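Trainee: If you scroll down you'll find the structure; I have some questions about it.
The values are calculated or read from the model by the stated rules, or taken from the named source; none is laboratory data. Remember, it's a predicted structure, so these values are computed and weren't measured experimentally. So basically every Cβ, Gly included, is an ideal-geometry build from the backbone, and we count neighbours across all protein chains shown. Each accessible area value is taken on the protein alone, full model and side chains, heavy atoms only, with ligands, DNA and RNA left out. Shrake-Rupley method; radii C 1.70, N 1.55, O 1.52, S 1.80 Å.
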Amino acid sequence: MLFAFLQHRAKTSFRLIALYLAFAIFITAISGYLDHSIPKTYASFLPAPTQLLEVSPAFNPLVLKGIKVYPDEPFKFDFILDSGDSTSSQKELKQSSEKLIKHF
């Protein structure tokens, strides 16, 4: 297998393909540096490195606080949930709590 690879390596077509790939990678790598007309907006929403940021307000999500286990019925559980700062409707709160319980 290695011998066959070395024979292909000597062929002109293999060398041309390798040269083309190397050239394409090189052009792709330096094209961002050469083209100054491309706006650098990918980080425009970030503040300047010297600017001080304010602390965001604290948020307490829905949390599974505890589980009540019944010794006489081992597969019966009561889950104790803390709704936190949630202002969701009852339906959304129920979906979120079911998601937490299924994860358990």
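Trainee: Looking at Pro61, Pro57, can you tell me which residue is in a loop (DSSP other than H, G, I, E, B), surrounded by 10 or more Cβ atoms within 10 Å (Cβ to Cβ) and at pLDDT 80 or above? Write out each step before concluding.
Mentor: Numbers: Pro57 fails: surrounded by 10 or more Cβ atoms within 10 Å (Cβ to Cβ).
Pro61 is the lone residue from the list that is in a loop (DSSP other than H, G, I, E, B), surrounded by 10 or more Cβ atoms within 10 Å (Cβ to Cβ) and at pLDDT 80 or above.
Trainee: Given the structure, is Lys68 modelled with pLDDT of 85 or more, open to solvent by 100 Å² or more (accessible area, probe 1.4 Å) and part of a helix (DSSP H, G or I)?
Mentor: Taking the combined requirement at face value, the residue does not satisfy it.
Trainee: Against the definition (in a loop (DSSP other than H, G, I, E, B) and surrounded by 10 or more Cβ atoms within 10 Å (Cβ to Cβ)), how does Asp85 come out, yes or no? Steps first, please.
Mentor: Values: in a loop (DSSP other than H, G, I, E, B): yes; surrounded by 10 or more Cβ atoms within 10 Å (Cβ to Cβ): yes.
The answer is yes for Asp85.
Trainee: Suppose we filter Leu46, Leu21 for residues that are open to solvent by 80 Å² or more (accessible area, probe 1.4 Å) and modelled with pLDDT of 85 or more; which single one remains? Walk me through how you get there before you give the answer.
Mentor: On the way: Leu46 fails: modelled with pLDDT of 85 or more.
Among Leu46, Leu21, only Leu21 is open to solvent by 80 Å² or more (accessible area, probe 1.4 Å) and modelled with pLDDT of 85 or more.
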